[in-house]
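The values are calculated or read from the model by the stated rules, or taken from the named source; none is laboratory data. As the structure is a computational prediction, the values presented were derived from the model and not from experiment. A quick note on method: Cβ atoms are made from the backbone with ideal geometry, for glycine too, and the neighbour counts reach across all protein chains shown. Heavy atoms of the whole protein, side chains included, go into the accessibility calculation; ligands, DNA and RNA do not. Shrake-Rupley method; radii C 1.70, N 1.55, O 1.52, S 1.80 Å.
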Amino acid sequence: MLVDYAETLTRLEMGLGRHYAAAPSILNVPGVSAALKLDPFYYLALRPLFCELLGKWAGVPPSRVEETLARTGNLVLGPGRARYPRPLVVFEEGTGVALRLVADFVPAECIDRAVMVYGQEPGPLPVSGLRLAIEQKPALDAFFAGMTPLADLAFGEPPLRSVPA
């Protein structure tokens, strides 16, 4: 059976946009949201929460969500077509705590399109206050080799206190 990834992607975007319209905190609120915009090009999407929620909202199994996002170029895959393999150290600007999170990277155009077309947002969402610890930049640059890299504004000096994932 052939899978219509374009149709599934539309369902995922509709589900995300409609739920964003009802509850905007599902995106871009550190400590609350399933995905946060790191820079103008990418969102950090919590794994597996983001795909589980998208699947629930669109009536699609989470494994099909992941497959659809990967096959349509809406899930960043690095060398070997693999997801980022390690937890990421992240922190919210102005707080004293860093967290280790397992997450994926999603091109901003996918999520921004969903919130503008189906969530009645007038434009793309702004960059959130979430930052990646700067010491991860070399590994992330290698992961994004051959793609638009994460912008420098996605990184910062983490606070001294860290909380394990």
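Quick notes on this structure:
- Tally, over region 117-136, of residues that are open to solvent by less than 70 Å² (accessible area, probe 1.4 Å) and either of a type outside the set (S, T, N, Q) or within 16 Å of the chain's Cα centre (by Cα) (or both): 13
- Residue count for region 142-162, restricted to those that are within 18 Å of Tyr43 (Cβ to Cβ) and of a type in the set (D, E, K, R): 1
- Leu54 within 22 Å of Val127 (Cα to Cα), assigned to a strand (DSSP E or B), among the aliphatic types (A, V, I, L, M) and touching a Leu at 6+ places or on another chain (Cβ under 8 Å): no
- Only listed residue being closer than 26 Å to Ile134 by Cβ, among the aliphatic types (A, V, I, L, M), open to solvent by 50 Å² or more (accessible area, probe 1.4 Å) and touching a residue at least 12 places away in the same chain (Cβ under 8 Å), chosen from Leu44, Leu49, Leu75, Leu101: Leu49
- Checked against the criterion of being small (Gly, Ala, Ser), open to solvent by 20 Å² or more (accessible area, probe 1.4 Å) and either out of contact with any strand residue (DSSP E or B) (no Cβ under 7 Å at 6 or more places or on another chain) or within 25 Å of Thr68 (Cβ to Cβ) (or both), the candidates Ala114, Ala139 yield just one match: Ala139.
- Residue count for region 121-144 satisfying the condition of being more than 12 Å from Lys37 (Cβ to Cβ), outside any helix (DSSP H, G or I) and either among the hydrophobic types (A, V, I, L, M, F, W, C) or modelled with pLDDT under 95 (or both): 3.
- Lone unmet requirement of (1) within 20 Å of Val117 (Cβ to Cβ); (2) open to solvent by 40 Å² or more (accessible area, probe 1.4 Å); (3) not β-branched (Val, Ile, Thr) for Ala34: (2)
- Residue in region 143-158 that is farther than 22 Å from Pro85 by Cβ and surrounded by 15 or more Cβ atoms within 10 Å (Cβ to Cβ) present: yes
- In a residue-by-residue description of region 9-24, the property of being in contact with a helix residue (DSSP H, G or I) (Cβ under 7 Å, 6 or more places away or on another chain), touching a residue at least 60 places away in the same chain (Cβ under 8 Å) and under 22 Å from Leu99 (Cβ atoms) applies to no position.
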